[in-house]
């Protein structure tokens, strides 16, 4: 596993996920979870980071994306582990920075860090939250796998397409679960907020870890066996799967 470690990719994924959480969740907090503003924030962050860290790590910044690519052998499983570790650390740092910013503004009690949630915060049930996150992640990861498998879209266009797709799934999901589709993005805010005054966020976070991973796995199989994405050489493959 140590041989799969690439510190540049590790730092890029850590940095990217930190920025995603800080700006995406940050806009949600300061805008009062404004639907359009929050959806655009997450989408635009992806677009920007795709051009900043994409050439280094592929700009996964999401364990669900990394899982989908690992299943389809775009990256090795050893590399997948390092990506996920970097993403979770980055998400925690991003949430910590957002918490720090709120505390320095004189807020007496921090009640929101862009955490994901279902009942009793809203009317969505546990089953509804799981189904919602599986569907949203399926669409998002399927898009990532598909556009990065085609040379015509894997260059400059890929970041824009992926960013717009993330915006789209947020437009639907924000009012239901807050939209996760990213286990690391959900874990960071839940961990920090759970340690402050909202244990429920940490109790429910498992849904936003498991459901996106299921959706990503389904997307990888659909892309490979129905869309045939793996039949042609992937222009943005980070590395062929290695024998461990």
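Remark: pairs (first residue in segment 124-138, at positive phi and surrounded by fewer than 23 Cβ atoms within 10 Å (Cβ to Cβ); second residue modelled with pLDDT of 95 or more and assigned to a helix (DSSP H, G or I); Cβ separation under 7 Å; 6+ apart in sequence or on different chains) are absent. Take residue 102 and tell me if it is in a helix (DSSP H, G or I) and modelled with pLDDT under 95. The answer is yes for residue 102. Taking (1) at pLDDT 95 or above; (2) within 24 Å of residue 158 (Cα to Cα) in turn, residue 26 satisfies each apart from (2). Going by the structure shown, is residue 107 free of Cβ contacts under 8 Å to residues at least 40 places away in the same chain and either under 22 Å from residue 88 (Cα atoms) or touching a helix residue (DSSP H, G or I) at 6+ places or on another chain (Cβ under 7 Å) (or both)? So residue 107 fails the test. Residues satisfying the criterion are absent from segment 3-10 (criterion: free of Cβ contacts under 8 Å to residues at least 24 places away in the same chain, out of contact with any strand residue (DSSP E or B) (no Cβ under 7 Å at 6 or more places or on another chain) and over 17 Å from residue 88 (Cα atoms)).
Criterion applied to 129, 158, 149 was being assigned to a loop (DSSP other than H, G, I, E, B) and over 15 Å from the mean Cα position of the chain (by Cα), and the one residue passing it is 149.
The values are calculated or read from the model by the stated rules, or taken from the named source; none is laboratory data. None of the values given here were measured: they were computed from a predicted structure. Every residue, glycine among them, receives a Cβ derived from its backbone with ideal geometry; neighbour counts consider all protein chains shown.
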